Amino acid sequence: MLFDSTLSLKHNVQIMKARNFRYIRPDSLQHAYRILEENGGDAVPIAGGQSLLAGLNMRLSAPKLLVDIGGLKELAGQSQRDGTIRLGALTRHGELLQSDLVRKQLPLLAQAAAHIGHVAIRNRGTLGGSLAYADPAAELPACSVALRATLVLGSAAGEREVKAEDFFKGLFETDLRPGELIVAVKFPAPQANTTAGFAELARRRGDFALVGLAAMVSARRDRIEGARLVYFGCVDRAKVAASVSVAVSGLAMPVLDTAAFEREIRQDLTPDDTPGLRAETKLHMATVLTRRVLNSLVMQAAS
Amino acid sequence: MNTNTRSSTGIGARVPRLELQRLLSGRGRYIDDIKLPRMLHVCFVRSPHPHARIVSINVEPAKQARGVEAVLTAADINPRCEPFVGVALHRPGHRSAPQLLLASERAVWQGQPVVAVIADSLAEAEDAAELVAIEWAPLPVVGDQMQAIAPGTPAIHPELDDNVAFDFSLERGEPAKAFAEADYVIEEEFRFERQMAMTLETRGLIADFNPGDGSLTVIHAHQSPFQMQDVFSRHLKIPEHKVRVIAPDIGGGFGMKLNLYVDEMAAVVASMVLGRPVKFCVDRLESFVSDAQARDHRIKARIAFMKSGEIVAMEMDDIAAVGAYGMPMRFNVAEGMMAITITGAPYSFENYKARTRSIYVNKNLIGMYRGVGMPLACIATELLTDLAADKLGIDTVEFKRRTYRPKSSLPCITPGGQRLETVSFHECLEKLVELIDYDALRKEQRKLREKDVFRGLGIATFCEQTAYGPPYYGPSGAPISTQDGCNLRLEPSGSVRCVTSLTDQGQGTLTGIAQIVADTIGVSIEQVGVIGGDSSISPYGGGAWASRGMAIGGEAALRAGTMLKHNILALAGTITQTPPEALDIIDGQVVNTRTGQPVISLADVGRIGYFRQDTLPPDHDVQLSVSASFVGNDKMYYMANGVQASYVEVDCETGFIKVLGQWAVDDCGRVINPLLVDGQVRGGIVQGIGAVLYEECIYSDDANLLNGTMADYLVPMADEMPDIVVAHVETPEASTKLGAKGIGEAGLIGAMGSVWVAVNDALKPFGARVRHQPFTPERVLDALARARSGRR
């Protein structure tokens, strides 16, 4: 299906806020790869469109061609094999909340999904879209790093795999190459003694977080043995806070004092001032959030 | 009023808005739904700079773009419109530079319109607008009011010498002596950041100038069609009887759609230039840089009181940044004047000193917005009195009981100059205390503090000036009418058609008018059809502002209804050969008041009155159309009042605030429709909570707007709102038959006050105070940090 948005203007059917673009809905993944390759930088894939369309309507970007990958079966579906859970790139945020597989094996994703926008956004927004967009304040990039996910990237040239930790390069910047799509995300099934913890501070329900934390923590009795803490909304990308993760290991729970990791938070996170929020305040919030997430794991364990 | 036949749809009945089904089923007609034949669309190229000189403008590529009909600049547009000078003549010393429609030599705020691009479709106009090339030379920016008044800061408008628009002081009694001799003085500084009205439907109009007869019809999302009829006629030199302004369905106004906008005027001029209808709809991003904004005040306030609990003096010093020009017709002095004149109004004290200054900065204009300066007065008063009660070790409710102006002192003029007549502070307070179970909440608050849960309870008393009368706008020089009017006509089938000068932006005004008309005549509301907002068909009137619909327009409807009923009964008396005094109208039937028996139906009265005049005596004078207008002649305003309470929890580690409960006891005089009145209170409360906790136009120091999207400018959302309980005390306005006062702004004023007090109440264990609105997490954390380091 090919649709020229300029046609609609002549017939005065529709008034668009975006600049004119062409729209195509490929019927297979190979077809999509071919279109992307042929059109180079002029083409942009669209899945849920929850960030892209707002940007187009604000005329922040003006691609000449939108390639709608939302109907491609090759990008959908969830499966589990050999200790790996594979989620298709088109997995909607709402599905993360409802999927038994996700809730049982990857509860971090289900916890995080509840914080993404509102129901209408969760029904359309996709896992692959969120990762490809790489908003530093988004939930799913941080979760994928915390869960040691691997992204399956495809193009006309074939498929390759990249660790989530290496995929995010900076502010809205990823390892995706021209003509490449996220096909699926592979998550190793977490080990039995690890627990997922998630929290964020957002002004209103559904807003992007001022500061957020996705955590995978292993504990024995009341002592933290190991942790993988990934903060979002803090720096230019979802990033493992390596020193903090080490510093909290060995702490007795509940954690009452934050002195054991305050210095490390400053070491790992170097946020910028943003309108209405200084870096210093963000660091303070990250510290409070860390203690709260760790202690919530005690509560989880107790229940 | 038909007191003996109170119907289920008359005055006091909970009638849902008459237009609900139409609007909720998508059958509304807002500006953007309306299309006229041969209609064009305009969009504006705006200044990206807060202050810059225009070096050159190249419109040629835009003119060549597809679908473009015209590209107009200041040279094309400005000479056709008399400039606006937003100065209030009743405020000596108030000044403004003249405001032209499009920027010609320089722009003085970010968003000021420069070029109008007119095309067959909005999309084509927007595409072409991107092709307009303007070369700018940025100039030094006056970013805020403190910089604006600092020595050495250049004047934005050199002809004014400095940036002061208005500087007003008042003094009553002997404030200096009272402050010097008081046992205690508490002083606070307040900051209120800029905010937006953020209507669901943005601004818009369709201007339709007809070169065939020189007439201008403007379909306008505006609260006051008569104001705009006057403006279009006066400034565009069109005879007034050839100007018609129609307000269709409107999605929210809040005062923002009361102002006068140069881009709207330029769109009308474009229609005159091109001789074709031109539609202008502001998009959401554009609204951030072109809608009138509100607040932006820095206030120092003081209270002096004695060990006995007596307040002896108050003081207010307000400095407001009002943008780059005076707002035409509605001025930019209102927020400051209201803030300083209403401060302290509910309380007994005699010595007062106040000053307000309106200061020009390189920002968008400040205009009317719900509450105007009244919330600022409420906040300053209630925070200071709450702190005074604490200092004295008196419970805040007990302090209010002792220091409110006693009923026996009414009527009185407060030190700020407010006339109080039928206010009910004590009754509202006692009702609120019972409603919230005050003692239990305080007990819970104390208990939770032991567990490091910090809750605050805030109570705020407020006065609301409603329904401004001729003594205010008359001397201002602005041709704004404070009257409203109502035409009524008995239709031949016995139903009633009503045309009011009021407008409805979603508050249900027209439903209230229908109730008054139905009640007064003696029919059910289903028998009444109401039309509002058309300057060509109703009696002259003000429209929607200053919470005046029911108080003024409702009184006009009541008087028209009384006249029509009188005429109907006269005709019915002639037909049935009964003295009219022996007749009444109940449920659409003329009845004999003695027997209660139906005598004749309104349908038969109408049929005979219009079609069978041959059966009437030759000298009978049948007047089944009547018109009435009403203006509250001698009154500056009808003063409404109320008390609200907020219960909040502050997360003192993160600075986040949650409002747990909100209660309002309001006295707006007679309640015409409790359902809609409560809706006004609830909507106002949500907007008030939004103002205190969320809404802020964040500007850089050099006046660049940093958060001009709905993702970054936070409006209050349902998830964050508490349950809201609304109750009423009814003290009717004494000077009207209807007895209604206004209700539009009460919810917002009281909620802003009570949330301010509640949050600061929660912070008391730390000795911290937050005084910078909105209360962002960072500002709360900063307040706590200041307290920890021994500063306040």
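Exactly one residue out of A:GLY212, A:GLY170, A:GLY197 is within 14 Å of another protein chain (Cβ to nearest Cβ) and in contact (Cβ under 8 Å) with a residue 12 or more places away in the chain, and it is A:GLY212. When A:ARG177 is tested against (1) open to solvent by 30 Å² or more (accessible area, probe 1.4 Å); (2) of a type in the set (D, E, K, R); (3) in contact with a Leu (Cβ under 9 Å, 6 or more places away or on another chain); (4) within 14 Å of another protein chain (Cβ to nearest Cβ), exactly one condition is not met: (4).
The set of residues in the range A:43-64 being aliphatic (A, V, I, L, M), assigned to a loop (DSSP other than H, G, I, E, B) and within 13 Å of another protein chain (Cβ to nearest Cβ) consists of A:MET58, A:LEU60, A:ALA62. Criterion applied to B:ARG22, B:ARG38, B:ARG14 was being within 30 Å of B:THR520 (Cβ to Cβ) and part of a loop (DSSP other than H, G, I, E, B), and the one residue passing it is B:ARG14.
Name every residue in the range A:186-217 that is part of a loop (DSSP other than H, G, I, E, B) and acidic (Asp, Glu), in order of residue number.
A:ASP207
This table checks each residue for (1) small (Gly, Ala, Ser); (2) surrounded by fewer than 23 Cβ atoms within 10 Å (Cβ to Cβ).
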| site | (1), (2) |
| --- | --- |
| A:PRO188 | no, yes |
| A:THR194 | no, yes |
| A:ALA199 | yes, yes |
| A:ASP207 | no, yes |
| A:VAL211 | no, no |
| A:ARG223 | no, yes |
| A:GLY226 | yes, yes |
| A:PHE232 | no, no |
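Among residues that are modelled with pLDDT of 95 or more and within 14 Å of another protein chain (Cβ to nearest Cβ), B:GLU695 is included. Restricted to the range B:430-511, the set of strands (runs of 3 or more DSSP E) holding at least 1 residues that are farther than 30 Å from B:GLY661 by Cα and either touching a Phe, Trp or Tyr at 6+ places or on another chain (Cβ under 7 Å) or among the hydroxyl-bearing types (Ser, Thr, Tyr) (or both) comprises B:484-490, B:496-500.
For the range A:22-51, residues that are free of Cβ contacts under 8 Å to residues at least 40 places away in the same chain and either closer than 19 Å to A:GLY158 by Cβ or surrounded by 14 or more Cβ atoms within 10 Å (Cβ to Cβ) (or both) total 7.
Which one of these is closer than 18 Å to A:ASP268 by Cβ, among the aliphatic types (A, V, I, L, M) and assigned by TED's automatic domain parsing to the domain that holds A:LEU147: A:ALA214, A:ALA242, A:ALA164, A:ALA209? Spell out how you get there, then give the answer.
Values: A:ALA214 fails: assigned by TED's automatic domain parsing to the domain that holds A:LEU147; A:ALA242 fails: assigned by TED's automatic domain parsing to the domain that holds A:LEU147; A:ALA209 fails: assigned by TED's automatic domain parsing to the domain that holds A:LEU147.
A:ALA164 is the lone residue from the list that is closer than 18 Å to A:ASP268 by Cβ, among the aliphatic types (A, V, I, L, M) and assigned by TED's automatic domain parsing to the domain that holds A:LEU147.
The criterion of at least 3 residues that are over 30 Å from B:ILE537 (Cβ atoms) and acidic (Asp, Glu) is met, among strands (runs of 3 or more DSSP E) falling completely within the range B:137-250, by B:184-195. Of the residues that make up the range B:771-784, is at least one open to solvent by 30 Å² or more (accessible area, probe 1.4 Å), within 13 Å of chain A (Cβ to nearest Cβ) and not in a helix (DSSP H, G or I)? Yes: the range B:771-784 contains one or more residues that are open to solvent by 30 Å² or more (accessible area, probe 1.4 Å), within 13 Å of chain A (Cβ to nearest Cβ) and not in a helix (DSSP H, G or I).
Quick grid of which residues meet (1) modelled with pLDDT of 95 or more; (2) within 12 Å of chain B (Cβ to nearest Cβ):
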site: A:ASN193; (1), (2): no, no
site: A:LEU229; (1), (2): yes, no
site: A:VAL235; (1), (2): no, no
site: A:ALA279; (1), (2): yes, yes
site: A:LYS282; (1), (2): yes, yes
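Can you find even one residue in the range B:248-271 that is over 27 Å from the mean Cα position of the chain (by Cα), over 30 Å from B:VAL530 (Cα atoms) and open to solvent by 10 Å² or more (accessible area, probe 1.4 Å)? Within the range B:248-271 (the criterion being over 27 Å from the mean Cα position of the chain (by Cα), over 30 Å from B:VAL530 (Cα atoms) and open to solvent by 10 Å² or more (accessible area, probe 1.4 Å)), the answer is no, since none of the residues qualifies. Here B:GLY522, B:GLY561 are screened, and the one residue that is at pLDDT 95 or above, at positive phi and surrounded by 23 or more Cβ atoms within 10 Å (Cβ to Cβ) is B:GLY522.
Yes/no per residue for (1) at pLDDT below 95; (2) in a helix (DSSP H, G or I); (3) away from chain B (no Cβ under 14 Å); (4) open to solvent by 20 Å² or more (accessible area, probe 1.4 Å):
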| residue | (1), (2), (3), (4) |
| --- | --- |
| A:VAL244 | no, yes, yes, no |
| A:ASP257 | yes, no, no, yes |
| A:ALA286 | no, yes, no, no |
| A:THR290 | no, yes, no, no |
| A:VAL293 | no, yes, no, no |
| A:GLN300 | yes, yes, yes, yes |
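Taking the residues in the range A:263-277 that are among the charged types (D, E, K, R) and open to solvent by 80 Å² or more (accessible area, probe 1.4 Å) as candidates, determine which candidate is nearest to the other protein chains (Cβ to nearest Cβ).
So in the range A:263-277, the residues among the charged types (D, E, K, R) come out as A:263-264, A:266, A:268, A:272-273.
Add one more test, that the residue is open to solvent by 80 Å² or more (accessible area, probe 1.4 Å), and what stays is A:263, A:266, A:272-273.
On the way: A:ARG263: 19, A:ARG266: 17, A:ASP272: 13, A:ASP273: 10 Å.
Only one residue tops the list, namely A:ASP273.
Is it the case that the range A:137-144 has a residue that's within 14 Å of chain B (Cβ to nearest Cβ), more than 24 Å from A:LEU66 (Cα to Cα) and surrounded by 21 or more Cβ atoms within 10 Å (Cβ to Cβ)? Scanning the range A:137-144 turns up no residue that is within 14 Å of chain B (Cβ to nearest Cβ), more than 24 Å from A:LEU66 (Cα to Cα) and surrounded by 21 or more Cβ atoms within 10 Å (Cβ to Cβ). When we screen B:VAL686, B:VAL725 for residues that are open to solvent by 30 Å² or more (accessible area, probe 1.4 Å) and touching a strand residue (DSSP E or B) at 6+ places or on another chain (Cβ under 7 Å), the only hit is B:VAL725. Taking first residues from the range B:241-266 that are within 17 Å of B:TRP545 (Cβ to Cβ) and partners that are at pLDDT below 95 and basic (Lys, Arg), the Cβ contacts under 8 Å between residues at least 6 apart in sequence or on separate chains come to B:LEU258/B:ARG330; B:ASN259/B:ARG330; B:LEU260/B:ARG330.
Looking for something under 18 Å from A:SER130 (Cβ atoms) and in a loop (DSSP other than H, G, I, E, B) - is there at least one such residue anywhere in the range A:148-165? Checked the range A:148-165: at least one residue is under 18 Å from A:SER130 (Cβ atoms) and in a loop (DSSP other than H, G, I, E, B).
For the range A:72-89, the set of residues classified as open to solvent by 40 Å² or more (accessible area, probe 1.4 Å), outside any strand (DSSP E or B) and either within 15 Å of A:GLY154 (Cα to Cα) or at pLDDT 95 or above (or both) consists of A:LYS73, A:GLU74, A:ALA76, A:GLY77, listed by residue number. Taken over the range B:108-161, the criterion of being within 14 Å of another protein chain (Cβ to nearest Cβ), among the aliphatic types (A, V, I, L, M) and touching a helix residue (DSSP H, G or I) at 6+ places or on another chain (Cβ under 9 Å) is satisfied by B:ALA119, B:ALA123, B:ALA128, B:ALA129, B:LEU131.
Here B:ARG446 meets the list (1) closer than 30 Å to B:GLU427 by Cβ; (2) open to solvent by less than 50 Å² (accessible area, probe 1.4 Å) almost entirely, failing just condition (2).
Take the conditions (1) more than 14 Å from chain B (Cβ to nearest Cβ); (2) modelled with pLDDT under 95; A:LEU7 misses just one of them, which is (1).
Scan the range B:85-97 and tell me whether some residue there is hydroxyl-bearing (Ser, Thr, Tyr) and farther than 18 Å from B:ALA267 by Cβ. Break it down stepwise before answering.
The initial filter retains those residues of the range B:85-97 that are hydroxyl-bearing (Ser, Thr, Tyr), namely B:96.
If we keep only those that are farther than 18 Å from B:ALA267 by Cβ too, we end up with B:96.
Within the range B:85-97, one or more residues are hydroxyl-bearing (Ser, Thr, Tyr) and farther than 18 Å from B:ALA267 by Cβ.
Filtering B:ASP619, B:ASP666, B:ASP604 for residues that are more than 14 Å from every other protein chain (Cβ to nearest Cβ) and either farther than 30 Å from B:ILE525 by Cα or among the aromatic types (Phe, Trp, Tyr) (or both) leaves a single hit, B:ASP619.
The values are calculated or read from the model by the stated rules, or taken from the named source; none is laboratory data. All values reported here derive from a predicted model rather than from experimental measurement. Methodologically, a virtual Cβ is constructed for each residue, glycine included, from the backbone with ideal geometry; neighbour enumeration extends over all protein chains shown. The accessibility values were calculated without ligands, DNA or RNA, using every heavy atom of the protein model including side chains. Shrake-Rupley method; radii C 1.70, N 1.55, O 1.52, S 1.80 Å.
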